[in-house]
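Below: one structure, written as structure tokens.
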Amino acid sequence: MIFDTSISAVTVLEWLLRFFARESCGKCTPCRECVFAAHQVIQKILAGNGRLGDLASLRRTAKMLATTSLCGLGQSVAWPLESAIEHFAEDFRSCGAQ
């Protein structure tokens, strides 16, 4: 996917997490619960309600998904989470997340 600078990485991440949450079969707890929880955190951040610890929480969620999900879908959620936080931290900070 290619986006210009008018699209926030946080917005793109919200779109991806919405997709993953809808596509999850729900068989394993990490995918069923963690994807939904990460999506909720991103929605709060986008609404301007980000708070201290959100990024650390998203990093822990990504690590848990990568190591404990039963299928590739759940495991692949970690990649955009980790990448967005690493490369677009300023987008998160502009929404109030830390």
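The values are calculated or read from the model by the stated rules, or taken from the named source; none is laboratory data. Computed from a predicted model, the values in this text were never measured in an experiment. Note: ideal-geometry Cβ built from the backbone for every residue, glycine included; neighbour counts use all protein chains shown. Note: accessible area is taken over every heavy atom of the protein model, side chains too, but ligands, DNA and RNA are not part of it. Shrake-Rupley method; radii C 1.70, N 1.55, O 1.52, S 1.80 Å.
Quick notes on this one:
- Of everything in region 15-48 that is surrounded by fewer than 18 Cβ atoms within 10 Å (Cβ to Cβ) and within 10 Å of the chain's Cα centre (by Cα), the residue that is nearest to Glu90 (Cα to Cα) is Gln43.
- Flag if Leu65 is in a helix (DSSP H, G or I) and in contact with a Gly (Cβ under 7 Å, 6 or more places away or on another chain): yes
- Glu90 passes every criterion in (1) open to solvent by 50 Å² or more (accessible area, probe 1.4 Å); (2) at pLDDT 90 or above apart from (2).
- Residues of region 58-79 that turn out to be crowded, with 19+ Cβ neighbours inside 10 Å and touching a residue at least 40 places away in the same chain (Cβ under 8 Å), as a count: 3
- Positions within region 68-96 being within 26 Å of Thr29 (Cα to Cα) and not in a helix (DSSP H, G or I), in sequence order: Ser69, Leu70, Cys71, Val77
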